[in-house]
Amino acid sequence: MLSLDFLDDVRRMNKRQLYYQVLNFGMIVSSALMIWKGLMVVTGSESPIVVVLSGSMEPAFHRGDLLFLTNRVEDPIRVGEIVVFRIEGREIPIVHRVLKIHEKENGDVKFLTKGDNNSVDDRGLYKQGQHWLEKKDVVGRARGVAPSGNTRPSCDQFLWCFFLHLLKVKL
């Protein structure tokens with residue numbers, strides 16, 4: 001049974017205490033939103049932090065790991081880079097490594113991805129008739145990771161590496 005003891009506490013508060021609690025809650029929520037929007041601006045990514053949901057990128061990333069993303073327009077996509085992309089018609093983004101790049105003479109760049117732990121490339125995941133991803137599909141590129149705890153962390157798995165990357169510091 002759901003305990004509703006907190007309602008008794010609310011009833012015992014005078015109006016000033018209740019307003020104070022509501023104001024504090026509003027400040028916490030608005031602060032979190034401002035931090036998130038600030039991260040979006042700094043990183044250039046619509047989702048600066050994502051959680052790895054599957055084992056397709058093991059051993060590089062495990063389920064539950066937090067990835068820190070950037071998405072600078074001026075940086076070219078490279079083979080071997082880990083990208084987070086969204087497929088049209090699918091809500092959840094996918095974290096995989098760039099396998100091949102196809103660059104046209106007009107400068108358009110398309111690329112193919114694959115999970116490190118998968119036996120085939122991602123063409124089966126793309127929408128029907130799509131064989132390559134484009135830059136518009138990319139949510140961000142993995143720049144750092146906070147491990148979920150089921151692996152031994154190494155240097156590139158710490159948050160500070162992400163911030164050093166943002167500052168363009170070479171390790």
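Within region 89-98, identify whether any single residue is touching a helix residue (DSSP H, G or I) at 6+ places or on another chain (Cβ under 7 Å) and at negative phi, and answer yes or no.
Yes, region 89-98 contains a residue that is touching a helix residue (DSSP H, G or I) at 6+ places or on another chain (Cβ under 7 Å) and at negative phi.
Taking the conditions exactly as written (open to solvent by 30 Å² or more (accessible area, probe 1.4 Å), of a type in the set (D, E, K, R) and touching a residue at least 24 places away in the same chain (Cβ under 8 Å)), does D108 satisfy them or not?
For D108, the condition - open to solvent by 30 Å² or more (accessible area, probe 1.4 Å), of a type in the set (D, E, K, R) and touching a residue at least 24 places away in the same chain (Cβ under 8 Å) - is met.
Out of the residues in region 60-112 that are in contact with a Leu (Cβ under 7 Å, 6 or more places away or on another chain) and among the basic types (K, R), state the one that is nearest to V139 (Cα to Cα).
Once the filter is applied, the top-ranked residue is K110.
Determine the pairs where a residue that is without any contact (Cβ under 8 Å) to a residue 40 or more places away in the chain, located within region 131-147, has a partner that is buried (at least 20 other Cβ atoms within 10 Å of the Cβ) and in a strand (DSSP E or B) with Cβ atoms under 9 Å apart, the partner being 6 or more residues away or on another chain.
From residues that are without any contact (Cβ under 8 Å) to a residue 40 or more places away in the chain, the pairs are W132/F111; E134/F111.
Given the conditions (1) out of contact with any helix residue (DSSP H, G or I) (no Cβ under 6 Å at 6 or more places or on another chain); (2) among the polar types (S, T, N, Q); (3) at pLDDT 90 or above, which single one is not true for N150?
(3)
The values are calculated or read from the model by the stated rules, or taken from the named source; none is laboratory data. Quick caveat, the model's predicted, so the values are computed rather than measured. Because the Cβ atoms are built from the backbone with ideal geometry, glycine has one as well, and the counts that use them run over all protein chains shown. Side chains are part of the model used for accessible areas, which takes the heavy atoms of the whole protein and leaves out ligands, DNA and RNA. Shrake-Rupley method; radii C 1.70, N 1.55, O 1.52, S 1.80 Å.
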